[in-house]
Amino acid sequence: MGRRRKYELDGHVMTIVNEPEERPKISGDPPHVHFSIQHPILDAVSACKQLLKAMDAGRVRSVCELFGGSGWQTLQIQRTLKPRAHVVLDSSPDCIASIKASLPQVTAKVRDSFALARAGFGGLEFDYIAADFNQYTYHRDLTDPKYKGVMDGIFKAAKTYVTLADSSWYGVLRFRRNRESYAESIGMDPDVPVDYFRALNKQFKKRAGFGIVRVARWGTSSEVLLQRGYKGEYEVQKATEPVQFRILE
Ligand SMILES: C[S@@+](CC[C@H](N)C(=O)[O-])C[C@H]1O[C@@H](n2cnc3c(N)ncnc32)[C@H](O)[C@@H]1O
């Protein structure tokens, strides 16, 4: 049995419920409460803030967050978009208990978001779907049976915006072999890693009618903002929004 901890994020007191005594190995798809307080992922928070600022808040009345984790993204969405309805899901009861303790105004539920997306959200639609996957890469999207139908379900149920945590960028930048396999699967130029997003943009437009509006990237990952019907230019930027983080107890 773990213990409760508190931290302050951008002036809001957040609670981690039932944090285990020992930090588990980070592999597979672990619940985020387990390490976010010891290992705050401030670059990801910064990227999320950057993309939320680029959205038209007036068009976002309903939000579904598929991977709520410890709730730092939930806080940013509440602050920036102020949606009327905000559903947050996670497969971990500890994550959901933490979100309920930190942000009681949202609807937080234990759910398997992969299964839900694959099943088309039971026909429900949302103005914005936030998909902060642990381990999404475009290659995995195309080849891993666990991801089959998940992004298609998300694109179908999202009326205006989708944000996607995409780690392909890191592999594309770092490993020649990945660049070659992406060159083959989505037609990017293996000598120009930033070309990855151009190829991804083309793919998502063709596959789902969603275009990239902005990408915020950092050392190991990136967050991509997609909008239905968007055909304009987009920017790939470093995550630079300031984030305040302080452990309280
Ligand atoms: C990258 S973290 C999300 C971090 C989150 N944005 C935050 O604000 O803390 C991914 C989360 O997905 C959850 N998860 C993994 N598989 C899931 C599934 N099939 N359905 C729902 N949640 C899942 C994990 O428990 C983890 O908390």
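Readers should treat all values here as calculations from the given coordinates under stated rules, not as data from a laboratory. Here the structure is a predicted model, which means the values were calculated and not measured. When we count neighbours, we look across all protein chains shown, and the Cβ atoms used for this are built from the backbone with ideal geometry, even at glycine.
For a bin width of 10 Å, list the pair-distance distribution of the range 123-249 built from all Cα-Cα distances, rounded to whole %.
12, 43, 33, 10, 2
Per-residue HN-Hα couplings for the range 93-104, Karplus 6.51 cos²θ - 1.76 cosθ + 1.60 at θ = phi - 60°, whole Hz, x for Gly and Pro?
Once rounded to whole Hz, the list reads x, 5, 4, 5, 5, 5, 5, 4, 6, 7, 9, x.
Students often get this wrong, so check it: of Lys159/Lys206; Lys146/Lys202; Lys82/Lys146; Lys148/Lys231; Lys49/Lys82; Lys53/Lys146, which have C-alpha atoms separated by over 21 Å?
Beyond 21 Å between Cα atoms: Lys146/Lys202; Lys82/Lys146; Lys148/Lys231; Lys53/Lys146.
Taking every pair of Cα atoms in the range 99-138, average 1/r, invert it to obtain the Kirkwood radius, and report Rg/Rh to two decimals.
Rg divided by Rh gives 1.00.
Read phi for every residue in the range 52-60 and hand back ³J(HN,Hα) as whole Hz from Karplus 6.51 cos²θ - 1.76 cosθ + 1.60, θ = phi - 60°, with x for Gly and Pro.
4, 5, 7, 8, 8, 4, x, 9, 10
What is the range 161-234 by shape, rounded, prolate or oblate, if you read a ≥ b ≥ c off the alpha carbon gyration tensor as root eigenvalues and call it rounded for a/c under 1.5, prolate for a/b larger than b/c, and oblate otherwise?
Oblate, since a/c reaches 1.5 and b/c is not below a/b.
For the range 166-183 and the range 72-97, what is the centre-to-centre distance using only Cα atoms, to the nearest Å?
Answer, in whole Å: 31.
Plugging the Kirkwood radius over Cα pairs into Stokes-Einstein for the chain, at a temperature of 4 °C and a viscosity of 1.567 mPa s, what D comes out in µm²/s? Intermediate values should be presented prior to the final figure.
On the way: Rh = 18.4 Å.
This corresponds to a translational diffusion coefficient of 71 µm²/s.
Excluding the sites themselves, what is the longest stretch of the chain that contains no trypsin sites (Lys or Arg not before Pro) in a DSSP loop with at most 12 other C-beta atoms within 10 Å? If you can, show how the numbers build up before the last one.
Values: sites that count: Lys25, Arg84, Lys231.
Result, exposed sites excluded: 85-230.
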